[in-house]
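Data block below; observations after.
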Amino acid sequence: MSNKKTQSTEGAMVEYVTAMIGGQLFGLPISRVQDVFMPERVTRVPLASREISGVLNLRGRIVTVVDMRARLGLPRDEDGKTPMAVGVDLRGESYGLLIDQIGEVLRLPEDGKEDNPVNLDPRMAKLAGGVHRLDGQLMVVLDVDRVLELAPEMMAA
């Protein structure tokens, strides 16, 4: 019985879709992720904030594209690589979060999540719902609701 190391006695595991944004590892709870896609034909929205890249049509749904680098106060990515987008929903609206790179899905114990450390970059802290310490790396858990909190005023033209 003792060889079942994957099943921690405390139990609950949470799956995260990992993403790199500006060299930092982020995790999005898989329960919030609808899909991952390459954003194509993004249409700018007049008067939208810098954090909104625009809108696109994804399989018949209008998706608002949020530039996560801008949302985190990071400089634009100049390496010319095509960004990826993680599709999330909030109250029936579809959003695509622009990220630099998609990673793997990680299963982590729920009780391994810690509160935001005091030295976490404040721009990240306001969007983070805690952190997981991985081998030599900190994964910041993105709070999707907080990321999209400014959506109504972002869209107000």
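Quick one: in the range 1-30, of everything that is open to solvent by less than 40 Å² (accessible area, probe 1.4 Å) and more than 22 Å from the chain's Cα centre (by Cα), which residue is modelled with the highest pLDDT?
So the residue we want is GLY11.
Could you check LEU72 against (1) in contact with a helix residue (DSSP H, G or I) (Cβ under 9 Å, 6 or more places away or on another chain); (2) modelled with pLDDT of 95 or more; (3) under 15 Å from PHE26 (Cα atoms) and say which number it fails?
(2)
Only residues that are touching a strand residue (DSSP E or B) at 6+ places or on another chain (Cβ under 8 Å) and of a type in the set (Lys, Arg): list them for the range 44-70, please.
Passing the criteria: ARG44, ARG50, ARG61, ARG69.
Please find, within the range 31-41, the residue that is nearest to THR18 (Cα to Cα) out of those that are in a loop (DSSP other than H, G, I, E, B) and open to solvent by 60 Å² or more (accessible area, probe 1.4 Å).
The selected residue is MET38.
Go through LEU108, LEU98, LEU120 for me and flag whichever is more than 16 Å from the chain's Cα centre (by Cα), surrounded by 15 or more Cβ atoms within 10 Å (Cβ to Cβ) and at pLDDT 95 or above.
LEU108
For (1) touching a residue at least 60 places away in the same chain (Cβ under 8 Å); (2) under 17 Å from the mean Cα position of the chain (by Cα); (3) within 16 Å of LEU127 (Cα to Cα), each residue gets a yes or a no:
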residue: THR43; (1), (2), (3): no, no, no
residue: ARG50; (1), (2), (3): no, no, no
residue: VAL55; (1), (2), (3): no, no, no
residue: ARG61; (1), (2), (3): no, no, no
residue: ARG69; (1), (2), (3): no, yes, yes
residue: GLY73; (1), (2), (3): no, yes, yes
residue: GLU78; (1), (2), (3): no, no, no
residue: LYS81; (1), (2), (3): no, no, no
residue: GLY87; (1), (2), (3): no, yes, no
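The values are calculated or read from the model by the stated rules, or taken from the named source; none is laboratory data. Predicted model, so just to flag it, every value in this text is computed and none were measured. Cβ coordinates were reconstructed from backbone atoms using ideal geometry, including for glycine residues, and neighbour counts include every protein chain displayed. Note: areas computed on protein heavy atoms with side chains; ligands, DNA, RNA excluded. Shrake-Rupley method; radii C 1.70, N 1.55, O 1.52, S 1.80 Å.
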